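Encoded as structure tokens, the structure appears first; notes follow it.
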Amino acid sequence: MENWTPNLMTSIDTALGLRQATLSLREHDPRWADLFETEASLISEALAGVTFEIDHIGSTAVPGLQAKPVLDIALRSTEETQIAAALVELGYIDRGMRSGRLFIRLRDGDVRTHNLHFYQPDDPDYADQITFRNALRSDPKLRAQYVALKQNLVKNLGDTGRGQYADGKTDFVKSVLQKTL
């Protein structure tokens, strides 16, 4: 986090962050796209000379969509060891294999601000992430259905259901992916 300017930290403080073991949605914040671009630049600087692809994924990447205020990033490369070391140096915590290899960033010890998913180039989950994001971006009706599902899950699960939240969206995501094939 030493690479972050105070202005960026202030923006992250207000735009991103969900306390661990809580579950809530926020209206789309246009700063999320800028925060992704800033984070992608920091990662690119740390990975100078490494070949990789990086994308903004998840609900924060879809204008107009309510989201948990946690920036989701997908990174794809064959250079896993070098990338993992650079991400840890940038302040990410390696959480192991979870939808790719998951790295998270926390603020204040228990406020998650970033989820970064590392994928090997041939991992079909990477393509699924991009396909689902693009489907939501291009279809307002689909976005409305998805946000209604997410709101219902938050209402019914509450903070104790954060672990079940992703599972509750799985069938919807799979149906969207099947329709795009």
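Which fully enclosed strands (runs of 3 or more DSSP E) of the range 65-110 have 1 or more residues being touching an Asp or Glu at 6+ places or on another chain (Cβ under 8 Å)?
Fully inside the range 65-110 and qualifying: 71-76, 101-107.
So if I check each of Leu157, Leu142, Leu153, which one is open to solvent by less than 50 Å² (accessible area, probe 1.4 Å), among the hydrophobic types (A, V, I, L, M, F, W, C), over 18 Å from the mean Cα position of the chain (by Cα) and under 13 Å from Ser59 (Cα atoms)?
Leu142
Being within 23 Å of Ala135 (Cβ to Cβ) and in contact (Cβ under 8 Å) with a residue 60 or more places away in the chain: is that true of His117 here?
Considered against the rule, which asks whether it is within 23 Å of Ala135 (Cβ to Cβ) and in contact (Cβ under 8 Å) with a residue 60 or more places away in the chain, His117 comes out as yes.
How many of the residues making up the range 160-181 are open to solvent by less than 50 Å² (accessible area, probe 1.4 Å), over 23 Å from Gln20 (Cα atoms), touching a residue at least 24 places away in the same chain (Cβ under 8 Å) and not aliphatic (A, V, I, L, M)?
The total comes to 1.
What are the residues in the range 122-139 that are among the acidic types (Asp, Glu) and over 16 Å from the mean Cα position of the chain (by Cα), if any?
Of everything in the range 122-139, those that are among the acidic types (Asp, Glu) and over 16 Å from the mean Cα position of the chain (by Cα) turn out to be Asp122, Asp123, Asp139.
Could you list all residues from the range 52-64 that are open to solvent by less than 10 Å² (accessible area, probe 1.4 Å) and either in a loop (DSSP other than H, G, I, E, B) or of a type in the set (A, V, I, L, M, F, W, C) (or both)?
Listed by number, the residues that qualify are Ile57, Ala61, Val62.
The values are calculated or read from the model by the stated rules, or taken from the named source; none is laboratory data. Not measured: the values here are computed from a predicted model. Heads up, the Cβs are rebuilt from the backbone with ideal geometry, glycines too, and the neighbour counts pull from every protein chain shown. When the accessible area is computed, the model is the full protein with side chains, heavy atoms only, and any ligands, DNA or RNA have been set aside. Shrake-Rupley method; radii C 1.70, N 1.55, O 1.52, S 1.80 Å.
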